[in-house]
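*Asks:* The structure that follows is given in the form of structure tokens.
The values are calculated or read from the model by the stated rules, or taken from the named source; none is laboratory data. Being a predicted model, the structure only gives us computed values, none of them experimental. Don't worry about glycine lacking a Cβ; one is built from the backbone with ideal geometry, like all the others, and counts go over all protein chains shown. Ligands, DNA and RNA are stripped out before the accessible areas are found, and what is left, the full protein with its side chains, is counted by its heavy atoms. Shrake-Rupley method; radii C 1.70, N 1.55, O 1.52, S 1.80 Å.
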Amino acid sequence: MAKREVRRAPEGAGADHGRPQEETQHVEGFGRWLEGKGYSPDTRKCHLYHLRHFLEWARVEHVPLTEMDPAAADRFYLCLKEQGTLRTERERLAPSVSTARRFVEYLSAAGAVSEQTPAAAPLPKILSDFDEWMREHRGVRESTLVLYRRVLLDLIDAVGQEPEKYHARE
């Protein structure tokens, strides 16, 4: 699969800059949803600004609104990682990633995501073994494992899937 660059929307682009009507309605609904969740006006404005990057990625990748589920947000995350744009200059996670996750949460709450979404890619065996161990021996819930998963996937990418080859000095 060819790697595609996420293009940034032009600065000052209007709220409905070339968007289909359904997408515009969901962007506006997302803003109202954030307000209902107690987000400040400045935070809502930032989320709406950063949402443009996720929506542009979705257009390039041909991901319709009805398939914008957590797996789509994860694919967006991986795309930014491959491009080297996942982290800001201060090494923080790109704001468009958290915005993508909030938007997916909103779409699910609004009933806009179809029930039959494609299954997520299987986890590496070492990670599924870790998940099983954490559930059995530490009583960890899935919501906690999901938080660990992103960090552990980065670690596995860096050091590989064979623990016997891990060395502290490398």
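*Asks:* Multiply the residue separation of Arg92 and Thr43 by 0.36 nm, subtract the distance between their alpha-carbon atoms, and state the gained length in nm to one decimal.
*Replies:* 16.0 nm
*Asks:* Now for a separate question. Could you order Arg92, Arg169 by accessible surface area, starting with the largest, using a probe radius of 1.4 Å?
*Replies:* The ordering from most to least exposed comes out as Arg169, Arg92.
*Asks:* Quick check: residue separation of Arg32 and Leu123 times 0.36 nm, minus the Cα distance between them. What number comes out in nm?
*Replies:* Numbers: separation 91, 0.36 × 91 = 32.76 nm, distance 3.52 nm.
Residue separation times 0.36 nm, minus the Cα-Cα distance, leaves 29.2 nm.
*Asks:* Further question on the same structure: Describe numerically, in nm with one decimal, the distance between label points set 7 Å from Cα along Cα→Cβ at Glu164 and at Ala110.
*Replies:* 5.2
*Asks:* For Val146 and Glu132, compute 0.36 nm times the residue count separating them, minus their Cα-Cα distance, and round to one decimal in nm.
*Replies:* Fully extending the segment from Val146 to Glu132 adds 3.8 nm.
*Asks:* Continuing with this model, one more query. Around Val140, which amide H atoms from residues at least 5 apart in sequence, or from another chain, sit under 5 Å from its own amide H, with H modelled in the peptide plane?
*Replies:* The list, which skips near neighbours in sequence, is Arg135.
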